[in-house]
Amino acid sequence: MKHIANFIQKKPGLKNIKIDFSNYLTISKTALIALGKSLEAQTDLKNLTLMFRDCTISKTGFEHISKAIGQLPFLESLYLDFNRANQLPDEFCEDLANNMSSLAKSLKTVKLILPGSKSGHIKNLEAISQSFTKLHLLENISLEIFNQTQLLNESLMSLGKSFKALKYLINVHVALEECTQVTDQSVESLCEGLWSASLLESVDLSFNVCNLITNESLKSLSKCFKRLGLLRNVSLKLKRCREITDAGIRELKETLKRKELLRSVNLILSGCSNVTSKDFFTLMESLKKMNSLHTLDYDYYK
C-alpha cells in the first residue's frame with residue numbers, strides 16, 4: 001500500500017482518485033498514515049473513491065484518512081466502501097462526520113457503505129446524519145448499511161431529519177440489508193425527511209430482510225411518493241419482508257399510477273410470502289399502462 005501512497009505523492013494536481021484495496025489481507029497503521037499524507041497534498045482533487053471490502057484494517061490510523069478528506073477544498077464526490085471490512089473502529093464514523101462537515105462549499109455526492117460489527121451496532125450514525133445537514137450543496141446521497149441487528153430507530157430518525165436540510169437533493173439511495181430491528185417508525189421518519197426535498201427525482205430504498213416492516217411502511221412510502229412532485233425514478237426492494245400483504249401493495253399501486261412524470265420503476269418483493277401473485281401482477285399491469293414509464297423491472301416469488 002505504501003507504493004500507492006508514494007505514487008500519489010509524486011502526481012500533484014490530480015482531479016480523480018480511485019483505489020480499490022478489496023481483499024488486502026492487512027492494512028497497517030503505517031500504510032494508512034502514508035495514504036492520508038499523500039491525499040492531503042492533492043488539494044485540487046474533485047472525486048475520491050476508496051474501497052476496503054473484505055480487508056482486515058488496523059484499528060488505529062484511520063483518523064489520518066478522515067483528516068485528509070476534510071482538507072480537500074474542491075472535493076465534489078466522496079465514495080467510501082467498507083463492506084465486510086474487519087476491525088473498523090466505531091469511532092471512525094464520528095471522525096469521518098466531523099471532517100466531512102468542513103466540505104460544505106464543495107461536496108455534492110456522498111456514497112458510504114458501512115459494515116456490520118460484532119455487536120451489530122453502528123455507533124455515531126447520528127454523527128454522519130448531522131454532518132449531512134451541514135453539507136448544503138448535497139445533490140446525491142447513497143448510504144448502505146449491512147447486518148446491523150441493533151440499528152435503532154433513533155439513528156434512522158436522525159437520518160430522516162438530515163434530509164430536511166438539503167434543498168438541492170436530487171437522488172437518494174438508502175439500503176438497510178438484514179437490519180432486523182428496523183421498524184415502520186424508522187421508515188416513516190425517513191419518508192418525512194424525503195418529502196421535504198422538493199427537487200428529489202430519484203428514490204432508491206432497500207429494506208431487505210427487515211422483518212418488522214409492515215403495510216404501515218408502504219403507507220408512509222406511498223404518502224412520500226405522492227408529495228414528491230418531480231419524482232421520476234422509484235426503486236423499492238423489500239425482499240423477505242413477510243409482514244407486508246396485498247393491502248399494502250394496493251395502496252402503493254394507487255399512488256404510483258398517478259405519478260405523471262414517472263420514468264422508471266424497480267420493485268423487488270421476492271420472498272414476501274403474504275403478497276399474492278394476483279395483487280402483485282395487477283400492480284405491474286397498472287404500471288405498464290402509464291405512458292410516461294420507460295423502464296419497469298420487477299421480481300416476485302413467495
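Within the option set Glu243, Glu285, being of a type outside the set (S, T, N, Q) and either in contact with a His (Cβ under 9 Å, 6 or more places away or on another chain) or crowded, with 17+ Cβ neighbours inside 10 Å (or both) holds for one residue only, Glu243. If you go through the stretch 183-225 and pick out every residue that is under 19 Å from Cys241 (Cα atoms) and of a type outside the set (Val, Ile, Thr), you end up with 23. Contact annotation: residue pairs with Cβ atoms under 7 Å, 6 or more positions apart or on different chains, pairing a residue in the stretch 242-270 that is over 20 Å from Glu178 (Cβ atoms) with a partner that is assigned to a loop (DSSP other than H, G, I, E, B) and of a type in the set (Lys, Arg), are Leu261/Arg232; Leu262/Arg232; Arg263/Arg232. The lone criterion from (1) in a loop (DSSP other than H, G, I, E, B); (2) crowded, with 18+ Cβ neighbours inside 10 Å; (3) hydroxyl-bearing (Ser, Thr, Tyr) left unmet by Ser270 is number (2). Listed by position, the helices (runs of 4 or more DSSP H) enclosed by the stretch 1-119 that each have at least 2 residues that are in contact with a Phe, Trp or Tyr (Cβ under 9 Å, 6 or more places away or on another chain), modelled with pLDDT of 90 or more and over 24 Å from Ile170 (Cβ atoms) are 29-40, 62-70. What about Ile128, is it out of contact with any helix residue (DSSP H, G or I) (no Cβ under 9 Å at 6 or more places or on another chain) and modelled with pLDDT of 80 or more? In short, no. Touching a His at 6+ places or on another chain (Cβ under 9 Å) and free of Cβ contacts under 8 Å to residues at least 40 places away in the same chain: does that describe Glu63? When the stated conditions are applied, Glu63 does not pass them.
The values are calculated or read from the model by the stated rules, or taken from the named source; none is laboratory data. These numbers were taken from a predicted model, which means no experiment stands behind them. Every residue, glycine among them, receives a Cβ derived from its backbone with ideal geometry; neighbour counts consider all protein chains shown.
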